[in-house]
1. For the stretch 148-192: of the residues being in a strand (DSSP E or B) and in contact (Cβ under 8 Å) with a residue 60 or more places away in the chain, which is farthest from T256 (Cα to Cα)?
2. With the structure loaded, tell me whether L145 is in contact (Cβ under 8 Å) with a residue 40 or more places away in the chain and part of a helix (DSSP H, G or I) or whether it fails that test.
3. Taking the residues in the stretch 146-174 that are open to solvent by less than 10 Å² (accessible area, probe 1.4 Å) and small (G, A, S) as candidates, determine which candidate is nearest to A219 (Cα to Cα).
4. Out of G58, G79, report the one residue that is at positive phi, in contact with a Gly (Cβ under 6 Å, 6 or more places away or on another chain) and either surrounded by fewer than 16 Cβ atoms within 10 Å (Cβ to Cβ) or aliphatic (A, V, I, L, M) (or both).
5. When V34 is evaluated against the numbered criteria (1) more than 24 Å from P245 (Cα to Cα); (2) open to solvent by 60 Å² or more (accessible area, probe 1.4 Å); (3) of a type in the set (A, V, I, L, M), which criterion, by number, is the only one it fails?
6. Answer yes or no as to whether L197 is within 16 Å of the chain's Cα centre (by Cα) and either more than 20 Å from S150 (Cα to Cα) or of a type in the set (A, V, I, L, M) (or both).
Amino acid sequence: MTNWLTIRRGDAPLVLSFPHTGTDIPAAFENRLVSPWLARKDADWWIEKLYDFAADMGATLVRTGISRTIIDVNRDPSGVSLYPGQATTGLCPLTSFDGEPLYKDGEEPDEAEIAARRTTYFQPYHDALAAEIARLRESHPAVVLYDCHSIRSVIPRLFEDTLPVFNIGTNSGASCAPELAEAVHAQCAQSDFPAVLNGRFKGGYITRHYGKPADGVHAVQMELGCRGYMQEPLGPVNEDNWPTPYDPAYAAPIRTVLTAIMEECLDFANAEKKKAAR
C-alpha cells in the first residue's frame, strides 16, 4: 500500500474507479510546473465526495491521489490516442484541456521519466484495480466496473457548445452488456439533467481495457458535466473562481440519480448471478 493509493473494499459486485480526483504533486515536480493551480485545474473535482455513498452499498472504491498532470492512469500506457484526430491530453500531459503549457520551457518529461512515472504511479493503480476485480469475480459471475469522472461543461478546444451533464461511455457498446448501458442511460434520461450515451466521451483506457463482458467484467464510464453537482462558472476559469467548494445541498439532486444508477449496476450483476445459478 502507498500513501497515494486508496482502496476501500466491499463485497458487492461493483468497483468504482477514481483515476482523476487526485491533486497531489510530489515536491520533485513542483518547480518544473508553470503553476500548481494550472497543474490541478483539470482534476475531477470533488468526485470522491460525490460518490462516497457507494461504500455503504458494498462497492469497492479504488482511488489515486496523484494529479493527472503527473501521470494520467486513464490513458493508454503506450501513448496511443484514445480519440484520434480530436484534441485530447496524453499519458503525461504537456498542456491543460484549454491548451495551456503545464511545464516551464525545457522542463517537460522525457521518455525515461515517463517510463519511471508509469512504474511508480500508473502500474500500482492498475495492479490494484485488476486485483479487486479478480477478487470479486471469485464470488460473482459478473462485476460492474464504474469509472467516475467529471469535466468542465464548456471547453471549446475539446468539444462544441455545452456538454450534457451525464456522458455515459461504453466504448460504443463493447465494454458492457447492452441491458446495463440501457439501464444506466434510462436513469439519466428520466432525470432533470441532459444525458448522452457514447457521445463525445466513449470511455477512456480503463473502460476499454477492463470492459470484457464475455469474461464477466462490464465497464461503464460516467463523465459528469461539473455544473450538475457544483456551482460551475460556464466559460474560462481562473484561480479566483475555480474550483468552487463542494456544496452537499447543491449536489443532492444528482446524488439521488447516481444512487439509482449504482442500484441499477448492482441489480444487473445480481441478475447475472441468478442466471448463472440456474
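The values are calculated or read from the model by the stated rules, or taken from the named source; none is laboratory data. Every value quoted in this text rests on a predicted model; they were computed, and no experiment measured them. Reconstructed Cβ throughout: ideal geometry from the backbone, glycine too, with neighbour counts over all protein chains shown. Only protein heavy atoms, including side chains, enter the accessible area calculation; ligands, DNA and RNA are left aside. Shrake-Rupley method; radii C 1.70, N 1.55, O 1.52, S 1.80 Å.
1. Taking the stretch 148-192 and keeping what is in a strand (DSSP E or B), we get 148-151, 166-169.
Then keep just the ones that are in contact (Cβ under 8 Å) with a residue 60 or more places away in the chain; that gives 148-151, 166.
On the way: C148: 16, H149: 17, S150: 17, I151: 20, F166: 13 Å.
Of everything passing the filter in the stretch 148-192, I151 is farthest from T256 (Cα to Cα).
2. On the way: in contact (Cβ under 8 Å) with a residue 40 or more places away in the chain: yes; part of a helix (DSSP H, G or I): no.
Answer is no for this residue.
3. G169
4. G58
5. So V34 meets the others, but not (1).
6. Values: within 16 Å of the chain's Cα centre (by Cα): yes; either more than 20 Å from S150 (Cα to Cα) or of a type in the set (A, V, I, L, M) (or both): yes.
When the stated conditions are applied, L197 passes them.
Residues are listed down the side, and each one gets a yes or a no for (1) crowded, with 22+ Cβ neighbours inside 10 Å; (2) farther than 30 Å from A131 by Cα; (3) of a type outside the set (V, I, T):
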| position | (1), (2), (3) |
| --- | --- |
| G204 | yes, no, yes |
| A219 | yes, no, yes |
| P243 | no, yes, yes |
| L266 | no, no, yes |
| A277 | no, no, yes |
